[in-house]
Every structure is written in structure tokens, then in C-alpha cells.
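For reference, the structure is listed below as C-alpha cells.
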Amino acid sequence: MSQGNDEEHTLCPAEEIPVNGVRVFPLGRHGIGVFNIEGRFYALSNRCPHAGAPVCHGTITGTTRYRGGYDMDWVREGEILQCPWHAWQFEIATGRSLTRPAWAVKTYPVWVENGYLVVRLTSSGRPATEESV
Ligand code: FES
């Protein structure tokens, strides 16, 4: 499949990626991880913008939110990807880093077509990508 300069790839039946799970596909230069977060799919490059770790093999987790003083809450469980090398945190939905907000993991459009996941290998157009840091 092709559309302009973009390349579309059919990956696998969407049901093969469990809710709150991820599968890494050998696409592009570093691989692409497709996450199923509560039934919504997101595709991220498997390269951490910090030092190049295979970030999609990190931990799907939440994060802390400070309430002031010594108080904090645990929030956003299942929405955050923590890098396996230095524990930087990224929003799975956007690729943006919570650790360094100007940085981001590259994201790709992904959708379900006839029950199969399809990913388009093109930049999301977001200004903070691994190339911009
Ligand atoms: S390589 Fe990912 S946080 Fe350092």
C-alpha cells in the first residue's frame, strides 16, 4: 500500500495486541511499537530520544503528580511509557516526554482497517521529535 510519499503497512489483527499491551514490529530503522491503551492504538518509534534505548521495551506505568509540600498522587496509570535505560517517562498517546517536555519519541499514525492494524511510516509533524533535540 502506498499514499504519496508515505508507506502504509498492514501489521496484524488488532485483537492480537492485548489491552494495555504492546508489540514491536521490525519496521523502519529502529522498529515501531504499537500500544493498545484501553482499546486505543498508538504507534511509537522504538528509539528513545535521550540515548537511543529500545524504549518500547520499557514499562507501561503511571506517574506522580505533586500536590505541594511532600504530598503527591499516583496518576495516569497505563498511559506512560518508562524507558528501560534511564527511566525517562513518555506519554504513550503523544510521545512527549514528561521528564524533558521539549523532547519526544517519534509517533506514527496507526488505525484499524478490516480488523487489522495499519501504520503509516511518516513523521507526525510534531515539532519535538528525536531529530529536533
Ligand atoms: S535512553 Fe531512554 S532515558 Fe536514557
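The values are calculated or read from the model by the stated rules, or taken from the named source; none is laboratory data. Given the structure is predicted, the values throughout are model-derived calculations rather than measurements. Cβ placement follows ideal geometry from the backbone for every residue including glycine, while neighbour counts extend to all protein chains displayed.
When you go through 17, 80, 60 one by one, which is the residue that is within 14 Å of the ligand (Cβ to nearest atom), at pLDDT 95 or above and within 23 Å of residue 117 (Cβ to Cβ)?
80
Looking only at the range 86-97, how many residues end up being within 14 Å of the ligand (Cβ to nearest atom), outside any strand (DSSP E or B) and within 14 Å of residue 60 (Cα to Cα)?
Of the residues in the range 86-97, 3 are within 14 Å of the ligand (Cβ to nearest atom), outside any strand (DSSP E or B) and within 14 Å of residue 60 (Cα to Cα).
Quick one: how many residues across the range 30-80 are in a strand (DSSP E or B), surrounded by fewer than 11 Cβ atoms within 10 Å (Cβ to Cβ) and touching a residue at least 24 places away in the same chain (Cβ under 8 Å)?
0
Condition first: within 18 Å of residue 78 (Cβ to Cβ), aromatic (Phe, Trp, Tyr) and under 14 Å from the mean Cα position of the chain (by Cα). Can you find one or more residues in the range 25-33 that meet it?
No, there is no match, as no residue in the range 25-33 is within 18 Å of residue 78 (Cβ to Cβ), aromatic (Phe, Trp, Tyr) and under 14 Å from the mean Cα position of the chain (by Cα).
Regarding residue 120, is this residue in a strand (DSSP E or B) and of a type in the set (Lys, Arg)?
Considered against the rule, which asks whether it is in a strand (DSSP E or B) and of a type in the set (Lys, Arg), residue 120 comes out as yes.
Among the residues of the range 20-53, write down those that are away from the ligand (no atom under 16 Å from the Cβ), touching a Pro at 6+ places or on another chain (Cβ under 8 Å) and small (Gly, Ala, Ser).
The answer is 43, and nothing else.
If residue 90 meets every condition in (1) within 14 Å of the chain's Cα centre (by Cα); (2) surrounded by fewer than 18 Cβ atoms within 10 Å (Cβ to Cβ); (3) of a type outside the set (Gly, Ala, Ser) apart from one, which number is that one?
The single condition residue 90 does not satisfy is (2).
Those residues that are surrounded by fewer than 20 Cβ atoms within 10 Å (Cβ to Cβ), under 26 Å from residue 12 (Cα atoms), among the polar types (S, T, N, Q) and in contact with a strand residue (DSSP E or B) (Cβ under 8 Å, 6 or more places away or on another chain), I need them from the range 93-117; list them, please.
94
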